[in-house]
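A quick write-up on the structure given underneath.
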């Protein structure tokens, strides 16, 4: 099936792909060589061929996770969770800090997916958050994505997780896209789910 990726986390692919057993890789990569459907304009600063290779690897990694890890849903998230949902998305920026953000209200939950703006495939609309203190929250979010924040104790400065997510959502375009994603859970608080995606694609 063709996947129109809008986001691929090269960091997660680089970290997790080498851990996939060779027996699984040999079969999965052979299938990919025969049938790899990727339509994109390329990741920032990468050639279409590099993007195709990265997309192939994320496809193999996602298949491995689905087969060997317990993948949750929005209603019952696990370490990894996946869904198809109508989400707002773009790059939220404030001064010198920015982040790729996918989110919205899905059923009874508020969902936020945080990622590096460098992992956006092609072009994405950039939105100013227009909250001066949100610069520090964006820096915190980037720390979360890069694994520098202690999630058990840390919280966004000036705002709760809910408040920070609402500010980011308010900065995004009103339109939504039907998106398919696989993400790692990084924070859960009542009806709020925050994750960092391995990939996001048009559904």
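The values are calculated or read from the model by the stated rules, or taken from the named source; none is laboratory data. This structure is a prediction, so every number in the text was calculated from the model and none was measured. Don't worry about glycine lacking a Cβ; one is built from the backbone with ideal geometry, like all the others, and counts go over all protein chains shown.
Brief remarks follow.
- Scanning the range 75-100 for residues that are under 13 Å from residue 193 (Cα atoms) and either touching a helix residue (DSSP H, G or I) at 6+ places or on another chain (Cβ under 6 Å) or buried (at least 17 other Cβ atoms within 10 Å of the Cβ) (or both) yields 77, 80, 81, 82, 83.
- Selection over the range 1-16 of residues that are surrounded by fewer than 16 Cβ atoms within 10 Å (Cβ to Cβ) and assigned to a helix (DSSP H, G or I) gives a count of 2.
- The test for being part of a strand (DSSP E or B) and at pLDDT 85 or above does not hold for residue 162.
- Restricting the range 163-193 to residues that are touching a residue at least 60 places away in the same chain (Cβ under 8 Å), farther than 15 Å from residue 8 by Cβ and buried (at least 23 other Cβ atoms within 10 Å of the Cβ), the residue that is nearest to the chain's Cα centre (by Cα): 193
- Residue match in the range 113-124 (condition: more than 15 Å from the chain's Cα centre (by Cα), outside the structural domain of residue 59 (by TED's automatic domain parsing) and either surrounded by 15 or more Cβ atoms within 10 Å (Cβ to Cβ) or modelled with pLDDT of 80 or more (or both)): no
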